[in-house]
Amino acid sequence: MKISVYHTPEETPDQNTAACAIAIDVLRATTTIATALSVGAEAVQVFSDLNLLNRESELWPEAKRLRAGERGGSKVEGFDFGNSPLDCTAELMRDKRLFISTTNGTRALQKIQASPTVLAAALVNRKTVVDYLLAQKPETIWIVGAGWEGAYALEDTVCAGAIAQEIIDRTGVSLADLAGNDELVGAVALYNGWKDNLVGLMHHASHGQRLVRLNIIEDIAYCAALDTVDTLPIQREIGVLVKHEG
C-alpha cells in the first residue's frame, strides 16, 4: 500500500492512477457527509455548481430531499442548511437524500470521482476509513484535501496524517514504506505534533479562524473529534455517496 497526499484539488494530477481515492474536507463537508449518512440519510449527492444542484434536486420528491449550500462558510440563501454537521439529526435526515454544494469539499470529491473507489474521510470517521483500507488493501491510495480556494489547509493535512499513523500503528508498516510522496511524511509529522490538541490546531487554521468570526464555534469542536462516527461514505455512482455496508 502506498499513500500519496495532495493538499488541494488543484495539486492533484489530472491522470488518475489511484486504486482508491479519499476526499477530505474536515471543516466541514466530509464531516457533514459522514454525519448525515450515520443518522440515516439515504445518500448524499455532491455538486460544485449550485444551479446544477437545484436542477437535479428538483427531480427528487420534495419530501425525500434536503438541500445544503455553503459559500464562504455561510449558508446559501434559499437552502435548507449550510454546511454544519450539527444540523444532521436523525429526525431531519432519515431516508432523505442530501444534495450538497460547498466552497471546497465538493470540488475535491469531483476531482477524484473517476477512481475505482472513492471515499469521504474526516477526523470523526478516521477509524472506519482505516478499517476499509486494511480490509481491501488497495495498492495505490490518493488522499486529496479540499484546502481553501486552492490553498493549503492544516485541518485536511492533519486528517491525512491521522489516517496514515493509524495504519502504521495497526500494521507495523514503516512510514518510509507507506509514503507515496513527501506530503504524506509531512502530514504524519503534523498529526503527531498536534494529536493531543486537534481543537487548538483548528483554531490556528485559517478556515477555523473564519468559522470563529462567523461564531460557528461548536462545529469546530465536533469536527476535531477523532473516531466518533462509525460510518464510511463510499461512492455508489458518480457524485453519489452512500453508507458502506461492510
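Each reported figure results from applying straightforward, stated rules to the coordinates on display, with no laboratory input. The model shown is predicted, which means the values in this text are computed figures rather than measured ones. Glycine gets a Cβ as well: all are built from the backbone with ideal geometry, and neighbour counts include every protein chain shown.
Overview of values
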item: Tensor-based shape of region 159-246 (alpha-carbon gyration tensor, a/c under 1.5 rounded, otherwise prolate or oblate); result: oblate
item: The chain: radius of gyration and largest Cα-Cα distance (Dmax), Å; result: 16.5, 51
item: Placed amide H near ARG65: partners under 5 Å, 5+ positions off or other chain; result: ARG97
item: Using distinct alpha-carbon pairs, which all enter the 1/r mean, Kirkwood radius of region 1-85 in Å; result: 14.9
item: Added length on full extension, which subtracts the Cα-Cα distance from 0.36 nm per residue, ARG71 to GLU149; result: 27.0 nm
item: ³J(HN,Hα) computed for each position of region 236-241 - Karplus, 6.51 cos²θ - 1.76 cosθ + 1.60, integer Hz, glycine/proline x; result: 8, 9, 3, x, 10, 10
item: Listed residues VAL118, THR30, VAL240: farthest to the positive end of the dipole of the chain (Cβ charges); result: VAL240
item: Calculated from backbone phi, Karplus (6.51, -1.76, 1.60) coupling profile of region 209-216 in Hz, x at Gly/Pro; result: 5, 5, 5, 4, 4, 8, 6, 9
item: Ellipticity estimate at 222 nm from DSSP helix runs (n ≥ 4, -39,500 (n - 2.57)) divided over the chain, nearest 500; result: -11000 deg cm²/dmol
item: Net charge contributed by nearby residues that have their C-beta within less than 9 Å of LYS127 (K/R +1, D/E -1); result: -3
item: Protection-proxy order for peptides 196-206, 2-12, each taking the mean of Cβ atoms within 10 Å per residue, highest first; result: 2-12, 196-206
item: Alpha carbon centroid spacing (whole Å) that separates region 1-63 from region 113-166; result: 12
item: Residues with amide H under 5 Å from that of ILE22, placed H, sequence gap 5 or more; result: LEU119, TRP142, ILE143, VAL144
item: Under 13 Å, Cβ to Cβ, from ALA153 - net charge with Lys/Arg +1 and Asp/Glu -1; result: -4
item: Whole-angstrom Cα spans of region 40-127 along principal axes, big to small; result: 31, 27, 26
item: Calculated from backbone phi, Karplus (6.51, -1.76, 1.60) coupling profile of region 186-195 in Hz, x at Gly/Pro; result: x, 5, 5, 4, 4, 4, 5, x, 10, 4
item: Sites VAL199 and LEU59 - FRET efficiency at Förster radius 41 Å, r taken between beta-carbons, to 0.05; result: 0.55
item: Bridge type composition, the chain - antiparallel percent by DSSP, nearest 5; result: 30
item: Extended-chain gain in nm, criterion 0.36 nm per residue less alpha-carbon gap, ALA189 and ILE217; result: 7.5 nm
item: Over region 81-148: Rg over Rh, Cα atoms, Kirkwood Rh; result: 0.99
item: Amide H within-cut-off set for VAL76, under 5 Å, with H built and near neighbours excluded; result: GLY69, GLU70, ARG71
item: Two-site FRET efficiency, ILE238 against SER206, from Cβ-Cβ distance with R₀ of 35 Å, rounded to 0.05; result: 0.70
